[in-house]
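Report on one structure; see the data block that follows.
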Amino acid sequence: MDERAAVRITRAVRRLACAGVLVLATSCTAGSPGTPRSAPSGTPGATSGLDRHVAPEASGRADGSSWEDAAALDELDGLIASLEPGGRVLLRADAGPYRLSEPISIHSGGQDDDPVVVQGVTGDGQPAQAVVVGSRSSPYDLEGEKGGEVFRLGEGADHLEFRDLACQDQGTCFRVHEDIEDLVLEDVAATNVRRFFESNGGDDGTATVSGLTVRRVDVAGFSKGAFRLRDDTHDVLLEDVSGDSERQDGDDFAMGVFLGDSVHDVLLRRVTMRNSQDSGPDDDYWNGDGFVTERDVARVRFEDTEATGSTDGGYDIKSSETVLVRALARDNKRNFRIWASDTRLTQCRGQDPRVRGGTGAAAQVWLAEDAAARIEGCDFDSPGTGATVFELEEGAELVVEGGTVRRQAGAELSSLGEGASLVVEAEVEEA
C-alpha cells in the first residue's frame, strides 16, 4: 500500500469514528472532518497573510491581497493555487451579490489535514453568507431558464472547504466532474435550484468523491434533487441537512437524496427531505422520492432522518447493508419502499400515507418481488387514510417485531403476493 492510500484510509476511519459509526481511541480535532471545526486562520474578524480577498467587483490591483485590491470570483482557482495549505479565500458578503454567467472551474486545493477554505465574510472578517445569483427563472418555471453551474470541481480540487455561502437561482451549485478527495461543505444555503450538489463525470470519466462532509445545509426549492452522488463516492457524512422541493414539478424526476452507482459507506444524520413531486396523468405512475439508494450502493445508515410529502416513496431503498434508525416517513404515497434483501428498520415511524395522483395505492411499507426486510420496534399510524400497512410483492419476506400498528377501521393490514411471507409480532389496533 502506498503512502497516499494509507493516508486516505486513516482519514476515512477517523471520519467514521468521529461521526459515531466506529468507536476508536481517536481524537476528533479541528483537522478532522468528523467534528465541527473552529474558524481557520485565526479568530473571526481577523485576516492574515494566508488570506486572499474576493468581492463582487474587482478593485485596485485585483490580485486578492486585500479588500482594497480584491479579485473577482472568476479568479478563484488561481487564488486557491496561490495559497499555502491552510489558507483562505474570503468572499465579501456585505458588498452585494455575485452574478455569474459561466461556471467557476476549480482544479487546485490544499493538502491532507491542511485544507484551503473558501468562506463568506463581512468586510471585518465576520462569517456571513456570500450570495451567488444565477439566471434560473424565479419563480420556478418548467419552460423557463434552467440556470447554470456555480462551482465545477475537477482533478486537483482536493482538500477544500466551502463555508458560509448562498446559492440562488442556479442550475447546480456544486458539481464534481472528476475524481477528488476530501470535500467539506458547511453552513451553505440554496434557493430555487435544479440541483444543489452532484458528482457526475458524464461521458468523460468518473467523478468519485473520496471523503465528503456536508453540515448545516438548507436547500429551499429544487426540481431535480438536493444531492446526487454517483460513481464510487464513499466515506460520506450528511448531517443537519434539509431540502424542500417546494413541489417544483415536472423536471424528471425529483429525488431529495440520490445515491447511485457503487456509492458506499454513507451516514445520513438528521437529514430531512420534503415535497418531491413529479406529477402527470392519473393513469401514469407519479414519481418523486425523499431518499433513493440504488442496487450497487452499499453500507448506508440513516439516523433521525425525515421524508415527508413525496408523490412516491419517502425512502426508496435498493442498496445492500442498509440500516434506518428512528427514521420518520410521513404523507408519502409509500412511506418505505424496499427492494433489497437485507434492509433493517429500527424504532422508525410511518404516518398517514397519501396518494396525490397517479397509479399505485398508498402503503406504509412496500416490498418488491423477492425483497426481504426486518422491522424492529417501529410505529405505524394511519388512522385516516385507509392505506394498507404492509404490501408485499411476490416472494417478499418481512418480519415485524415490537412496536405498534394503528390503522383505519376496515383498512387492510397486509396485501401479499404469491409466495410472500409476513410475520407480525406487534400491537395492532384499529382507529
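The values are calculated or read from the model by the stated rules, or taken from the named source; none is laboratory data. Keep in mind that this is a model prediction, so the values were computed, not measured. Neighbour counts are summed over all protein chains in view; Cβ atoms, including those assigned to glycine, are modelled from backbone coordinates with ideal geometry.
Among the listed residues 299, 326, identify the single one that is under 16 Å from residue 404 (Cβ atoms) and in contact with an Asp or Glu (Cβ under 9 Å, 6 or more places away or on another chain). Full working, then the answer.
Working: 299 fails: under 16 Å from residue 404 (Cβ atoms).
Selected residue: 326, the only one of 299, 326 that is under 16 Å from residue 404 (Cβ atoms) and in contact with an Asp or Glu (Cβ under 9 Å, 6 or more places away or on another chain).
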- Item | Matching residues in the range 77-99 - criterion: being among the hydrophobic types (A, V, I, L, M, F, W, C), within 30 Å of residue 145 (Cβ to Cβ), outside any strand (DSSP E or B) and free of Cβ contacts under 8 Å to residues at least 60 places away in the same chain | 79, 95
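If only one of 91, 79 is under 25 Å from the mean Cα position of the chain (by Cα), crowded, with 19+ Cβ neighbours inside 10 Å and either within 21 Å of residue 182 (Cβ to Cβ) or modelled with pLDDT of 95 or more (or both), which one is it? Don't jump to the end; show me each part of the working.
Numbers: 79 fails: under 25 Å from the mean Cα position of the chain (by Cα).
The match here is 91.
Here is a yes/no grid of residues against (1) touching a His at 6+ places or on another chain (Cβ under 7 Å); (2) surrounded by 24 or more Cβ atoms within 10 Å (Cβ to Cβ); (3) touching a residue at least 12 places away in the same chain (Cβ under 8 Å):
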{"position": "226", "(1), (2), (3)": "no, yes, yes"}
{"position": "233", "(1), (2), (3)": "no, yes, yes"}
{"position": "239", "(1), (2), (3)": "no, no, yes"}
{"position": "250", "(1), (2), (3)": "no, no, yes"}
{"position": "264", "(1), (2), (3)": "yes, no, yes"}
{"position": "271", "(1), (2), (3)": "no, yes, yes"}
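I'd like the residue in the range 156-170 that is small (Gly, Ala, Ser) and surrounded by 21 or more Cβ atoms within 10 Å (Cβ to Cβ) and, out of all such residues, is farthest from the chain's Cα centre (by Cα). Give the steps one after another, and end with the answer.
The initial filter retains those residues of the range 156-170 that are small (Gly, Ala, Ser), namely 156-157, 166.
Restricting the remaining residues to those that are surrounded by 21 or more Cβ atoms within 10 Å (Cβ to Cβ) gives 157, 166.
Values: 157: 20, 166: 16 Å.
Across the range 156-170, the extreme among qualifying residues is 157.
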- Query: Only one of (1) over 17 Å from the mean Cα position of the chain (by Cα); (2) basic (Lys, Arg); (3) outside any loop (DSSP other than H, G, I, E, B); (4) within 24 Å of residue 188 (Cα to Cα) is not met by residue 301, so which one is it?
  - Reply: (1)
- Residue check, residue 228 on the phi > 0 side of the Ramachandran plot, basic (Lys, Arg) and not in a loop (DSSP other than H, G, I, E, B): no
- Message: Just to verify a result, which residue in the range 303-315, among those that are within 17 Å of residue 352 (Cα to Cα) and acidic (Asp, Glu), is surrounded by the fewest Cβ atoms within 10 Å (Cβ to Cβ)?
- Response: 306
- Positions within the range 291-308 being touching a Lys or Arg at 6+ places or on another chain (Cβ under 9 Å), in contact (Cβ under 8 Å) with a residue 40 or more places away in the chain and under 15 Å from residue 319 (Cα atoms), in sequence order: 295, 301
- Please work out which one of (1) assigned to a strand (DSSP E or B); (2) buried (at least 20 other Cβ atoms within 10 Å of the Cβ) is the condition residue 323 fails and give its number. (2)
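Looking for something over 21 Å from the mean Cα position of the chain (by Cα) and under 26 Å from residue 254 (Cβ atoms) - is there at least one such residue anywhere in the range 326-333?
Looking only at the range 326-333, we keep the residues that are over 21 Å from the mean Cα position of the chain (by Cα), and these are 333.
Among the residues that remain, those that are also under 26 Å from residue 254 (Cβ atoms) are: 333.
Checking the range 326-333: at least one residue is over 21 Å from the mean Cα position of the chain (by Cα) and under 26 Å from residue 254 (Cβ atoms).
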- Wholly enclosed strands (runs of 3 or more DSSP E) of the range 111-195 bearing at least 3 residues under 23 Å from residue 271 (Cβ atoms): 149-153, 160-176
- Item | Scope the range 139-155; condition within 23 Å of the chain's Cα centre (by Cα) and small (Gly, Ala, Ser); matching residues | 147, 148, 154
- A careful count of residues in the range 171-199 that are surrounded by fewer than 22 Cβ atoms within 10 Å (Cβ to Cβ), over 15 Å from residue 133 (Cβ atoms) and of a type in the set (Val, Ile, Thr) gives 1
- Check whether at least one residue in the range 200-208 is modelled with pLDDT of 95 or more, part of a strand (DSSP E or B) and surrounded by 19 or more Cβ atoms within 10 Å (Cβ to Cβ), and report yes or no. no
